[in-house]
1. Output the residues belonging to the stretch 90-121 that are in contact (Cβ under 8 Å) with a residue 60 or more places away in the chain and either within 15 Å of P55 (Cβ to Cβ) or not assigned by TED's automatic domain parsing to the domain that holds A158 (or both).
2. State which residue is surrounded by the fewest Cβ atoms within 10 Å (Cβ to Cβ) when the search covers only the stretch 30-86 and only residues that are polar (S, T, N, Q) and part of a strand (DSSP E or B).
3. Pull up the stretch 84-124, narrow it to residues that are under 23 Å from V174 (Cα atoms) and at pLDDT below 95, then point me to the one that is nearest to the chain's Cα centre (by Cα).
4. In the list V174, V155, which residue meets the criterion of being out of contact with any Ser or Thr (no Cβ under 7 Å at 6 or more places or on another chain) and not assigned by TED's automatic domain parsing to the domain that holds C54?
Amino acid sequence: MKKLMKRLMLAATLLVAGAVHAELLFGKDYTMLNPVQPSSTSKIEVLEFFFYECPHCFHLHPFIAKWEKSKAQDVEISYVPTMFRESTEPLAYAYYALEGMGQIQQLDDAIYQAIHVSQINLYDLDTIGAFVSKHGVDRAKFEAAYQSFSVQSKVTRAKQMIRSYAIQGTPTLVVDGKYVITGLQPEDTIRVLNEVIAKVRKERVGKKH
């Protein structure tokens, strides 16, 4: 009987320890955006502010890609290419051009690999155009999209969002326009992301009652 009680107490202790470990911690796992930004969707919005040259974004990318494939239907994710200086803008233009052509999923991994594995400099239209052409994208159509008013407008909007969301580094995830996740290891980022999404769901249910 005593052995059974000890086992039960040990199990309870482990459960409590696990709960404490899994508890979402403000200031450590996430912070709050102030002021809160409006969401562009009725779903739970997740924004990833990323930069192709960022090694942390490179390491997080496969985790986010896998997460996106299995995310819940009430969650919507969008990606915002981040520019902290003018010389990095071509990669943002390239992202939106490829997105508009429906080619971003085909090229996303390749761009990260080119920069971080092959050490290819993709900082001008000529180099990027040659690169996407090698990966099956019509170069003329890509360059036309790259220089289009639509893409220019999206890049301008991205710059505004970087300021509005007070982005200081990448990768940074923002959930529901207010919860900020950054500076974590990839596995922890996904764990916290799922927990924050669950938190937002509870908040929305609470508002209905």
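1. Matches in the stretch 90-121: Y112, I115, H116.
2. S78
3. Out of the qualifying residues, it is Q105.
4. Just a single option satisfies the conditions, and that option is V155.
The values are calculated or read from the model by the stated rules, or taken from the named source; none is laboratory data. All of these numbers come straight from a predicted model, not from anything done at the bench. When we count neighbours, we look across all protein chains shown, and the Cβ atoms used for this are built from the backbone with ideal geometry, even at glycine.
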